[in-house]
1. Can you find a residue that is over 23 Å from residue 324 (Cβ atoms) and in contact with a Ser or Thr (Cβ under 6 Å, 6 or more places away or on another chain) anywhere in the range 124-144?
2. Look through 307, 348 and report the one residue that is in contact with a Cys (Cβ under 7 Å, 6 or more places away or on another chain) and touching a residue at least 60 places away in the same chain (Cβ under 8 Å).
3. Mind telling me which of the residues 320, 330 ends up being of a type in the set (S, T, N, Q), surrounded by fewer than 21 Cβ atoms within 10 Å (Cβ to Cβ), over 16 Å from the mean Cα position of the chain (by Cα) and farther than 24 Å from residue 196 by Cα?
4. Give the residues of the range 111-144 that are among the β-branched types (Val, Ile, Thr) and out of contact with any Cys (no Cβ under 9 Å at 6 or more places or on another chain), sorted by residue number.
5. Can you spot a residue in the range 49-70 that is in contact with a Ser or Thr (Cβ under 9 Å, 6 or more places away or on another chain), at pLDDT 95 or above, more than 20 Å from residue 98 (Cβ to Cβ) and of a type in the set (S, T, N, Q)?
6. Take the conditions assigned by TED's automatic domain parsing to the domain that holds residue 277, surrounded by fewer than 16 Cβ atoms within 10 Å (Cβ to Cβ) and of a type in the set (A, V, I, L, M) and apply them to residue 110. Does it pass?
7. Identify the residue in the range 286-303 that is at pLDDT 95 or above and not in a helix (DSSP H, G or I) and, among all such residues, is nearest to residue 143 (Cα to Cα).
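The values are calculated or read from the model by the stated rules, or taken from the named source; none is laboratory data. Treat the numbers as computed from the prediction; the structure is a model and nothing was measured. Positions of Cβ are backbone-derived with ideal geometry, glycine not excepted, and every protein chain shown enters the neighbour counts.
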Amino acid sequence: MKKKIIASGLISALAIACLSACNQGGQTQEQQSRGNTLTVLNYGKYIDEDALRQFENETGIDVKYEEYESPEEMYTKYKAGAIDYDVICTSEYIIQKLISEGEVLEQDYAALENYGNLDKDILDLAKSYDPNNTYTVPYFYGTLGICYDTTKVTEEEASSWDCLWDKSHANEIIMMNSVRDSFVPALKKLEYSLNTTDEAKLQEALALLDEQFPIVYAYFVDEIGDEMISGNAHVALVYSGEAAYAMDYNEDLAYCVPKEGSNLWIDSWFIPKTCKNEEAALKFIDFLCREDIGMANFDYVYYASPLTPVVEALDEEIRSNEAIIPSKESLEKCEVFTAISDEAAAYLNHLWQVLKSQL
């Protein structure tokens with residue numbers, strides 16, 4: 001029998017050496033004291049490393065790059081205060097929380113040279129957590145749904161979250177090692193908002209996850225795509241882009257957003273108040289909004305890009321792939337995560353630990 005696994009969540013840290021000693025003129029005294037470096041914090045496997053090197057080559061700025069696995073881990077890492085991060089990418093509800101805590105610097109992002117490449121519809125969606133688009137710049141977006149093996153699971157089965165509770169797929173189900181994401185299927189099965197903080201409703205959701213627990217093969221994050229490619233599971237809760245990646249390597253895989261509804265996520269860049277090199281941070285964000293860099297990152301990450309020129313350059317087959325570019329129908333039945341209070345977050349994390357304690 002397959003053994004249950006929790007992803008280790010080991011955090012890799014990159015220190016990419018500066019590839020050019022030029023372009024050092026005109027530095028401020030503060031930049032010189034930092035060696036003209038930019039300290040970046042981002043999700044794992046979420047940027048083309050060649051793009052980082054290109055940024056260093058073009059600007060003479062040395063990028064110190066670190067990764068994390070989950071939004072909650074990012075929050076803990078940032079709040080620990082051990083490192084003064086200059087620019088961070090994470091999920092909307094954590095950014096909203098940090099904004100409310102006064103941890104995010106406002107910027108005139110619209111003045112950036114490449115800001116006009118951003119899709120206005122995505123910027124409007126981002127207003128759910130950044131009302132004036134002055135705290136963040138969208139990086140990638142997508143949906144949370146089901147990736148399934150079409151030789152084992154029918155399209156009709158996969159169209160409902162019930163699929164993740166189907167005992168005929170016992171020990172062939174992957175869930176996410178992410179508290180809010182893994183609560184989504186249970187909450188939507190119960191017809192509740194994925195942003196509810198009602199303790200009774202969350203207890204009902206936990207009861208469903210507890211019922212499901214014995215038939216789950218693993219709780220993963222970054223490994224899900226590779227696991228599905230290898231045929232180690234029939235069905236998985238997964239981000240749309242991870243499903244798209246898996247589908248590229250295994251033609252038997254497909255993706256859908258269940259009929260009960262799901263999460264629309266938007267990952268964005270922001271400049272935290274710990275920033276010591278604001279000029280470099282703005283250059284970095286503007287660089288990522290450039291069409292060629294956006295395409296390089298799209299090819300690497302394979303999630304929906306908010307850059308209009310990137311999407312327009314894709315062929316019709318890619319644009320019509322639900323796992324890559326969410327359809328209007330899917331977006332209409334999805335909710336964006338919003339920030340919840342510390343007390344509600346602590347309660348939700350407590351329930352998550354109760355579930356995982358069974359491992």
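1. Initial filter on the range 124-144 (over 23 Å from residue 324 (Cβ atoms)): 127, 129-135.
Then keep just the ones that are in contact with a Ser or Thr (Cβ under 6 Å, 6 or more places away or on another chain); that gives 130.
The answer is yes, given that some residue of the range 124-144 is over 23 Å from residue 324 (Cβ atoms) and in contact with a Ser or Thr (Cβ under 6 Å, 6 or more places away or on another chain).
2. Details: 348 fails: in contact with a Cys (Cβ under 7 Å, 6 or more places away or on another chain).
Matching residue, one of 307, 348: 307.
3. Numbers: 330 fails: farther than 24 Å from residue 196 by Cα.
Testing whether each residue is of a type in the set (S, T, N, Q), surrounded by fewer than 21 Cβ atoms within 10 Å (Cβ to Cβ), over 16 Å from the mean Cα position of the chain (by Cα) and farther than 24 Å from residue 196 by Cα leaves just 320.
4. Of the residues in the range 111-144, the ones among the β-branched types (Val, Ile, Thr) are 122, 134, 136-137, 143.
Answer for the range 111-144, where residues must be among the β-branched types (Val, Ile, Thr) and out of contact with any Cys (no Cβ under 9 Å at 6 or more places or on another chain): 122, 134, 136.
5. Among the residues of the range 49-70, at least one is in contact with a Ser or Thr (Cβ under 9 Å, 6 or more places away or on another chain), at pLDDT 95 or above, more than 20 Å from residue 98 (Cβ to Cβ) and of a type in the set (S, T, N, Q), which makes the answer yes.
6. Values: assigned by TED's automatic domain parsing to the domain that holds residue 277: yes; surrounded by fewer than 16 Cβ atoms within 10 Å (Cβ to Cβ): yes; of a type in the set (A, V, I, L, M): yes.
Against the criterion (assigned by TED's automatic domain parsing to the domain that holds residue 277, surrounded by fewer than 16 Cβ atoms within 10 Å (Cβ to Cβ) and of a type in the set (A, V, I, L, M)), residue 110 qualifies.
7. 289
Condition check ((1) within 20 Å of the chain's Cα centre (by Cα); (2) modelled with pLDDT of 95 or more; (3) not in a helix (DSSP H, G or I)) across all residues:
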position: 222; (1), (2), (3): yes, no, yes
position: 233; (1), (2), (3): no, yes, yes
position: 236; (1), (2), (3): yes, yes, yes
position: 245; (1), (2), (3): yes, no, no
position: 259; (1), (2), (3): no, yes, yes
position: 266; (1), (2), (3): yes, yes, yes
position: 279; (1), (2), (3): no, yes, no
position: 284; (1), (2), (3): yes, yes, no
position: 309; (1), (2), (3): no, yes, no
